[in-house]
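Here is the structure we will look at, set down as structure tokens.
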Amino acid sequence: MKKNAQVNGQLDWDTYAVLLEIAEGQNIKPSTLVGKIITDFVQIYHYKIQRGDITLSKPIIKKIFDTIDPKKKQEIIDFTSDFIISEIRVQEGKPTYEIFLKHAMKWNKGRFQFNRIRQGESDLIVSKHSLCKMWSEIQCKIYAKCFEMVGETVLGMDYDSDDYYSIEIARHS
């Protein structure tokens, strides 16, 4: 028989409320759900973080992006940014700058460096990824369009690099 260990921890109330909602939806105890979450992380995600997700590893992403037909870039940018904003709308209601930025920071956490640098009347969003120029351009333009879709003014973009891209956004508040 397999022995179980007990783990104690703390969650903020908002996260705990979501945990309870999920546990109730699955008709299990919150402690059982926490055990599943930890087990999944250790058995699956730990290996992705340590070794990289094989199906979406940098060499594969780089190869895919290097083969994109330049005439299809805008179609990819438009579809992806529209999809992102519609999904945020479903999850959170009216998307705002802070809501979109929160999601973008969360999506990029642990995979790429993705930072917001406040500078005077604008924010500079910088992503360091070390993939390829096509990735820089497409990702930069997707995020820039998303910022525009939530009512922000994009002052400039820099994506002419294999390693990073940046977007400067005027702060309206």
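What follows is calculated from the coordinates using simple rules that are stated; it is not laboratory data. Owing to the predicted nature of the structure, the values given are computational and were not obtained by experimental measurement. Here the Cβ is made from the backbone with ideal geometry for all residues, glycine too, and neighbour counts use every protein chain on show.
Quick notes on this one:
- For region 14-27, 3J(HN,Hα) computed residue by residue from phi via the Karplus equation (6.51, -1.76, 1.60; θ = phi - 60°) reads 5, 5, 4, 4, 5, 4, 4, 4, 5, 4, 4, x, 9, 6 Hz, glycine and proline entered as x.
- Using alpha-carbon coordinates, inclination of helix 97-108 to the longest axis of the chain, degrees: 70
- For residue 94, a cut-off of 18 angstrom between C-alpha atoms picks up these lysines, skipping any fewer than 8 places away in its own chain: 102, 145.
- Helix 73-92 and the long axis of the chain differ in direction by around 40°, with both axes built from C-alpha atoms.
- Distant-in-sequence amide H partners of residue 122 (H built 1.01 Å from N, under 5 Å): 171
- Loop GluC sites (Glu not before Pro), region 92-173, which have at most 14 other Cβ atoms in a 10 Å radius of their Cβ (DSSP): 121
- Close amide H partners of residue 155, meaning residues 5 or more places away or on another chain with modelled amide H under 5 Å apart, are 168, 169, 170.
- Using a Gaussian network model of the chain in which every pair of alpha carbons under 10 angstrom is joined by a spring, one finds that among 88, 28, 138 the greatest mean-square fluctuation is at 28.
- Rounded to the nearest 10 degrees, the inclination of helix 133-149 to the longest alpha-carbon principal axis of the chain is 80 degrees.
- In a fully extended conformation the segment linking residue 27 and residue 74 would gain 12.5 nm over its present Cα-Cα distance, using 0.36 nm per residue.
- Shape category assigned to region 70-170 from the gyration tensor of Cα positions, a/c cut at 1.5: rounded
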